[in-house]
1. What is the number of the single condition among (1) surrounded by 15 or more Cβ atoms within 10 Å (Cβ to Cβ); (2) at pLDDT below 90 that Gly96 does not meet?
2. Condition (residue is within 21 Å of Gly47 (Cβ to Cβ), out of contact with any strand residue (DSSP E or B) (no Cβ under 7 Å at 6 or more places or on another chain) and without any contact (Cβ under 8 Å) to a residue 40 or more places away in the chain) applied to the range 96-113: is it met by at least one residue?
3. For the range 74-171, list the helices (runs of 4 or more DSSP H) that sit wholly inside it and hold at least 1 residues that are more than 22 Å from Gly38 (Cβ to Cβ) and of a type in the set (S, T, N, Q); which are they?
4. Kindly indicate whether any position in the range 44-52 is assigned to a loop (DSSP other than H, G, I, E, B) and free of Cβ contacts under 8 Å to residues at least 40 places away in the same chain.
5. Could you check the range 1-38 and list, in sequence order, the residues that are among the aliphatic types (A, V, I, L, M) and within 14 Å of the chain's Cα centre (by Cα)?
6. If the Cβ limit is 9 Å and pairs must be 6+ apart or interchain, which residue in the range 3-31 that is over 14 Å from Gly69 (Cα atoms) and at pLDDT 95 or above pairs with which residue that is outside any helix (DSSP H, G or I) and not aromatic (Phe, Trp, Tyr)?
Amino acid sequence: MDEYMVILRLIHIFSGIAWVGSAWFITFLLSPAVRALGQDGQVFMRGFMKKSPVPLVMISSSLLTTVSGLLLYYRVSDGFSSDWMGSTAGVVLTIGSLAGFGEFLFGNAVVGPTTKSLGVLGGEIERQGGPPTEEQMARLHVLQGRMHIADRVSTILLVIAVVGMAGARYM
């Protein structure tokens, strides 16, 4: 038994479940409810993101998944062997790995900063005690639109990554 591979696979699988599960829960279940509730939903979401461990779970699980995945990929590919990478399993796993790595980068470059900006703006609106100004509403709509698109991009990348990881072994 190769303990190194077993440990890396367990880290990769469980952290991947936390990452993908959290992302899909927020995208498909929580965000639609928040949008439907309007201002009350936005207040809830701000509190949820500030008071729950979700942001930390997303960041740490994405990092653990990515690092363990890179180490697994290196080992499985025999040090990035072109023969293995050209095989059907190698191509499928490479596509899945690139999608997962792309989502890790996209999440850190777009999703995280947009979420943070939404939180800052929401806090600003809450502190002023009245309705948002026209300028704040315009910024809010821009950020919400960016987040809506980012959720879709993230979902596509994560689906490709999951299919690639799950399917490569059987190619």
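The values are calculated or read from the model by the stated rules, or taken from the named source; none is laboratory data. None of these values were measured; they are calculated from a predicted model. Heads up, the Cβs are rebuilt from the backbone with ideal geometry, glycines too, and the neighbour counts pull from every protein chain shown.
1. (2)
2. Step one: of the range 96-113, the residues within 21 Å of Gly47 (Cβ to Cβ) are 111-113.
Adding the requirement that they be out of contact with any strand residue (DSSP E or B) (no Cβ under 7 Å at 6 or more places or on another chain) leaves 111-113.
Filter once more, keeping what is without any contact (Cβ under 8 Å) to a residue 40 or more places away in the chain: 113.
Within the range 96-113 (the criterion being within 21 Å of Gly47 (Cβ to Cβ), out of contact with any strand residue (DSSP E or B) (no Cβ under 7 Å at 6 or more places or on another chain) and without any contact (Cβ under 8 Å) to a residue 40 or more places away in the chain), the answer is yes, since at least one residue qualifies.
3. Working: elements: 82-85, 88-106, 112-128, 134-168.
Ranges flagged: 82-85, 88-106, 134-168.
4. So in the range 44-52, the residues assigned to a loop (DSSP other than H, G, I, E, B) come out as 52.
Keeping just the survivors that are free of Cβ contacts under 8 Å to residues at least 40 places away in the same chain gives 52.
Yes.
5. The initial filter retains those residues of the range 1-38 that are among the aliphatic types (A, V, I, L, M), namely 1, 5-8, 10-11, 13, 17-18, 20, 23, 26, 29-30, 33-34, 36-37.
Selection gives Ile17, Ala18, Val20, Ala23, Ile26.
6. Close Cβ pairs (under 9 Å, with a partner that is outside any helix (DSSP H, G or I) and not aromatic (Phe, Trp, Tyr)) do not exist here.
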